[in-house]
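Below is one structure, written out as structure tokens, with a few remarks after it.
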Amino acid sequence: MSPYSGSMYHGSPLLLSILGPLTVKTIGGQPSHLLCSLVSVFADLISAILIRATGHSLVRAHGHNLKSLGLDKLFKDIEILPSGDIAALVYLWNPFTIVSCVGFNTSPIENLFVILSLYGASAGLIPLAAFGWVIASHLSLYPLVLIIPVIFLLGYGLDAPPRKLFMQSNSRVGEERPVDRVGLKSVTNKPLETKIFSWRPVILFFLWVSIWILYVLMLCAIAMKEHGGLWEMFKRTYGFILTVKDLSPNIGVLWYFFAEVFDFFRNFFLIVFHVNIIFMILPLAIRLNHRPCFLVFVYLAISSMLKSYPSVGDSALYLSLLVLFVNELAEMQFSFFLFCGYVGVSLLSPVMHNLWIWRGTGNANFYFATAMAYACFQIILVVESVSAMLNYDRKIRKLCNTAKG
């Protein structure tokens, strides 16, 4: 039987071949979905471990950069929080993560490969980064946009203040270099290491990406050999995502919009919504190229807002990545307002869904109002977090000018 017979499944045939048998097995008479939930829990545990490791790398890089710029003494009174530990706990104990496991959503597995790609790129493990990116893109398509921050991670390294500050510091070191008149030797201060983009790991990354893509396509071709081949898989997975054929209510906004729009304009608005994600990629990449890990968070949050079939598991991922920058975003505004907004939407959304679908005492506008509020809170979160990060970079720049002036 074809994995796409009916309309229930539109994911990877490889994932179905792994998780499908678990849905028909039982453990001591327990329901069959228990095994699937355990797989999600195991995936979340691995994701939390990788997030913790990435956070520790970011904290070390943060301290090293401040020391390189001569600002470590200015920040000695400010406690640097272990962002990796906090982010891992936020991911594990986030209600969105728990709901994804209980409801047997494939989001934990998709999140695992996204985090695997991020960890591999931050640790310099190129085959692992390529594998995570290929599988994550194969499972849900939207992680394709993460190739830009992954390239920045491999080429430039972990997040750091703007590279212009290191170049200015090096120029000042050269100008202020004292000279030993007896030996005619300059007493040099050690110049700061200016990060120059390295093409070698990027080329190796694309080489490994090609290898993993061929391997995945070969396995998919074998799985779909008797069921229409790769074209059938592309049409039922990526085509299903891009055409938004399923208008079942979810926490996104596209289902309501395309239920109301005239068919004559449907293709036009499909292009508008999908291209909107692409239009945001380049400006953000130019402005935040020195902070690739933070750029991953921004891209994931934007994709979660505009994707065809979002889930709460998407929010669990980008919220945990946001916590990795708790030290840089300490002065972020509207934090309490956003926290209350997320809690309120999380409580109201199931209530409005119940009133509309099960009790029949409400209508679609009840539930769509919570979806709109959820989208607005996500927009505010992205805007305020990006503004806070840019303000932090400006603060570092002012401190450098003051210290060197």
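Remark: Ser2 matches the filter, which requires a residue to be at pLDDT below 85, open to solvent by 20 Å² or more (accessible area, probe 1.4 Å), within 30 Å of Tyr238 (Cβ to Cβ) and over 17 Å from the mean Cα position of the chain (by Cα). Among residues of segment 234-246 that are at positive phi, those with a beta-carbon under 7 Å from a residue that is not in a helix (DSSP H, G or I) at least six positions away or on a different chain give the pairs Val244/Ser308.
The condition of being over 18 Å from Leu141 (Cβ atoms) and in contact with a Leu (Cβ under 9 Å, 6 or more places away or on another chain) holds for only one of Leu217, Leu242, Leu284, Leu270, that being Leu284.
For segment 62-80, indicate whether the set of residues that are open to solvent by 30 Å² or more (accessible area, probe 1.4 Å), hydrophobic (A, V, I, L, M, F, W, C), at positive phi and modelled with pLDDT under 90 is non-empty. Checking segment 62-80: not a single residue is open to solvent by 30 Å² or more (accessible area, probe 1.4 Å), hydrophobic (A, V, I, L, M, F, W, C), at positive phi and modelled with pLDDT under 90. Is it true that some residue in segment 185-205 is aromatic (Phe, Trp, Tyr) and at pLDDT below 85? Checked segment 185-205: at least one residue is aromatic (Phe, Trp, Tyr) and at pLDDT below 85. Counted as qualifying within segment 245-314 are the helices (runs of 4 or more DSSP H) with 3 or more residues that are open to solvent by 10 Å² or more (accessible area, probe 1.4 Å), out of contact with any Ser or Thr (no Cβ under 8 Å at 6 or more places or on another chain) and within 21 Å of Glu384 (Cα to Cα), namely 266-287, 292-306. Are any of the residues in segment 366-386 open to solvent by 10 Å² or more (accessible area, probe 1.4 Å), without any contact (Cβ under 8 Å) to a residue 12 or more places away in the chain, assigned to a helix (DSSP H, G or I) and of a type in the set (S, T, N, Q)? No: segment 366-386 contains no residue that is open to solvent by 10 Å² or more (accessible area, probe 1.4 Å), without any contact (Cβ under 8 Å) to a residue 12 or more places away in the chain, assigned to a helix (DSSP H, G or I) and of a type in the set (S, T, N, Q).
Among the residues of this structure, Leu158 does not count as one that is in contact (Cβ under 8 Å) with a residue 24 or more places away in the chain, open to solvent by 50 Å² or more (accessible area, probe 1.4 Å) and either under 24 Å from Leu16 (Cα atoms) or not acidic (Asp, Glu) (or both).
If you take the residues of segment 11-57 that are among the β-branched types (Val, Ile, Thr) and at pLDDT below 80, which of them is surrounded by the most Cβ atoms within 10 Å (Cβ to Cβ)? Filtering segment 11-57 for residues that are among the β-branched types (Val, Ile, Thr) and at pLDDT below 80, the one surrounded by the most Cβ atoms within 10 Å (Cβ to Cβ) comes out as Thr23. Closer than 16 Å to Ser385 by Cα, open to solvent by 60 Å² or more (accessible area, probe 1.4 Å) and either among the basic types (Lys, Arg) or assigned to a helix (DSSP H, G or I) (or both): does that describe Phe336? Yes: the conditions hold for Phe336.
The values are calculated or read from the model by the stated rules, or taken from the named source; none is laboratory data. Since the structure is predicted, the reported quantities are computational estimates derived from the model, not experimental observations. Here Cβ is always computed from backbone atoms with ideal geometry, including for glycine, and neighbour counts include all displayed protein chains. SASA here: full protein model, heavy atoms, side chains in, ligands and nucleic acids out. Shrake-Rupley method; radii C 1.70, N 1.55, O 1.52, S 1.80 Å.
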